[in-house]
Structures are given as C-alpha cells and as structure tokens.
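All remarks here apply to the structure that follows.
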Amino acid sequence: MTDTAIQKAERDLWQALRRGFRRKCPNCGSGPMMKSYLKVRDTCPVCREEFLHHRADDGPAYLTILIVGHLMAPTLLFAFMRYRPEPMVLFTIFAIGCVALSLYLLPRLKGAIVAFQWARLMHGFGD
C-alpha cells in the first residue's frame, strides 16, 4: 500500500465535511478555517495544515442557490396558497428569509467544499 493510499484511507469524509461545515480545520477540528467571512486561511493555526491548495471557486455559491431555492420556493407556494398575504408582505418576508439563509449557508458550504477537497486529496492536498 502506498503512502498516498494510507493517507486517503485515514481521512474520514463525513467527519471532514462536518468540521468544514462548522468552518473548522478538517484535519484537527479545532482551528478556524476562515480568517474572514469567505477568506480561507493559508494554514491552520493549530495543526499547521495548509489550505493554499483549495479550489472552491463558484461551488459554494451554486450550492447555496440550489439549497435556498429548493427550500424557499415550496415554502413560498405554501404560504401563498394557504394564507394569501399581501404581495409586499410576502415579498418582504421571503426576501429577508432568502438573504438570511444565503448569508448563513455560504461560508459553511465553502468550508465543506474545502474539507471535501482535503478528504479526497484533491488539488494538492495529498502532496
């Protein structure tokens, strides 16, 4: 078994995804992965794992839109059909809900994508 195969076998995907979603280092689980809202640190301050290799790009934004759209669209339809609120009330409530949910999910999904790349040894994480 090669060294890379041993490393790959030792990296638990689901644990890494949970840690990444919490915006923690996927390696140690205690160091913060983000230094600002969406900026990933170069290295973990606790275990010195490098995050320079990540390539999250547009993935977090795409997943955020996908999740928010699939949650809010049926909820909007249900609220409209059941309660028939005024259009501006409906718009205001769902606009605030969409923005709040998007702002909550975006950094967490970015952390999860970086953790996924780390767990699967993608983009230089296994070197």
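The values are calculated or read from the model by the stated rules, or taken from the named source; none is laboratory data. Every value quoted in this text rests on a predicted model; they were computed, and no experiment measured them. Here the Cβ is made from the backbone with ideal geometry for all residues, glycine too, and neighbour counts use every protein chain on show.
What the table below lists for this structure:
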| item | result |
| --- | --- |
| Test: Arg82 is within 20 Å of the chain's Cα centre (by Cα) and outside any loop (DSSP other than H, G, I, E, B) | no |
| Some residue of region 14-35 being touching a residue at least 24 places away in the same chain (Cβ under 8 Å), of a type outside the set (Asp, Glu) and over 13 Å from Ala112 (Cα atoms) | no |
| Residue identified as loosely packed, with under 15 Cβ neighbours inside 10 Å, under 19 Å from Gln15 (Cβ atoms) and among the β-branched types (Val, Ile, Thr) among Val99, Val114, Val89, Val46 | Val46 |
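Residue-wise test of (1) charged (D, E, K, R); (2) modelled with pLDDT under 95; (3) over 30 Å from Pro26 (Cα atoms); (4) surrounded by fewer than 16 Cβ atoms within 10 Å (Cβ to Cβ).
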{"residue": "Met81", "(1), (2), (3), (4)": "no, no, yes, yes"}
{"residue": "Lys110", "(1), (2), (3), (4)": "yes, no, no, no"}
{"residue": "Arg120", "(1), (2), (3), (4)": "yes, yes, no, yes"}
{"residue": "Phe125", "(1), (2), (3), (4)": "no, yes, no, no"}
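Listed here are the residues, each with its yes/no results for (1) assigned to a helix (DSSP H, G or I); (2) touching a residue at least 60 places away in the same chain (Cβ under 8 Å); (3) in contact with a helix residue (DSSP H, G or I) (Cβ under 7 Å, 6 or more places away or on another chain).
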site: His53; (1), (2), (3): no, yes, no
site: Ala95; (1), (2), (3): yes, no, no
site: Leu101; (1), (2), (3): yes, no, yes
site: Leu109; (1), (2), (3): yes, yes, yes
